[in-house]
């Protein structure tokens, strides 16, 4: 691969390794856990009750009071300003508004489950137009709507902006973080509650069971969770419907259903080890290897290819008695050099433990980019007993 700055490297050129990946842990192994027996985890960390979730809200609004960092007379910002003023009985003549102190913004928030009218939620405000900063601004009252188009909250308040920017007279500018986005803690008041199916009855009028959805689906995990609930509540109290959902028999009384849900969330489950999986982020070179990964015997040949491009600029002068149209030209001279190191053949012995696999790959001395190729080749050869996920 040829780099545009004149020096190129193939998959793991030595000249680029220290700069890109560091020295001690230069290929970024993030080893999460060694192979271990099943551990106990709480159900609240593994699953969520069906229907008990937040709901996204979005709205459009106007921020005023900016110190000259607003939208600079954008048409839709001017329209918003006139609409807000007309609602208060004030008519703004054409061309009278100076919108450097105002900015059109989009407002986002999440309506928590079981939120009731009168409760407050946090909102995030982001500039929509050419505003340079929202620092010091105040959001005028704006409606926050759900996917159904109904208004569920009203937002208003002063923004808390973490970033800032500065600009010089010569056009130079520096920006720290994101000054065009801010938050208003408790800046919206809930006006409408979202119905939750937590207390609904079944189609036959009987109490509907509580449905528990696993965050990470899995048949073994669903069976383990159902067995743990049955051990506490009695046989037949829970059954796994599929790899995600567990149905739990529940009483009709709302207070009893809440107590039952709280009891279930606190139960411990002996979770089986997760599937063998290797996750590779090809952009950052990060490799995460699960504790259940196994390696069968394999021989790996690994070499490096380095391509170096050197450009020299030379000046070509017109010859004596040349026509007047002849000019001095800059002529680039390119020199391309390719060098391939001798490949090394390494034997990867079978590893029953994660540490054995890590040690075997460390002995290869491969950069993260090369490591991705080695893992993919091992997987295709059948020596890597794991699912390979490339992000």
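Laid out as a table, the results:
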| item | result |
| --- | --- |
| Cut-off 19 Å, label 7 Å out along Cα→Cβ of residue 85, residues of region 115-138 by amide N | 138 |
| Pair residue 249, residue 324: separation of 7 Å Cα→Cβ label points (nm) | 10.7 nm |
| Cα gyration tensor shape for region 55-190, rounded if a/c is under 1.5, else prolate or oblate | oblate |
| Burial ordering of 126, 91, fewest other beta-carbon atoms within 10 Å first | 91, 126 |
| Computed E for residue 219/residue 154 - FRET, C-beta separation, R0 45 angstrom, nearest 0.05 | 0.50 |
| Distance in nm between pseudo-label sites at residue 314 and residue 259 (7 Å out along the Cβ direction from Cα) | 9.3 nm |
| Neighbour-count order for 63, 52, 372, fewest beta carbons within 10 angstrom listed first | 52, 372, 63 |
| Förster-model FRET efficiency, 30 Å R0, residue 281 and residue 40, C-beta, rounded to 0.05 | 0.50 |
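Bear in mind these aren't lab numbers, they're just calculated from the coordinates by the rules spelled out. Computed from a predicted model, the values in this text were never measured in an experiment. Note: ideal-geometry Cβ built from the backbone for every residue, glycine included; neighbour counts use all protein chains shown.
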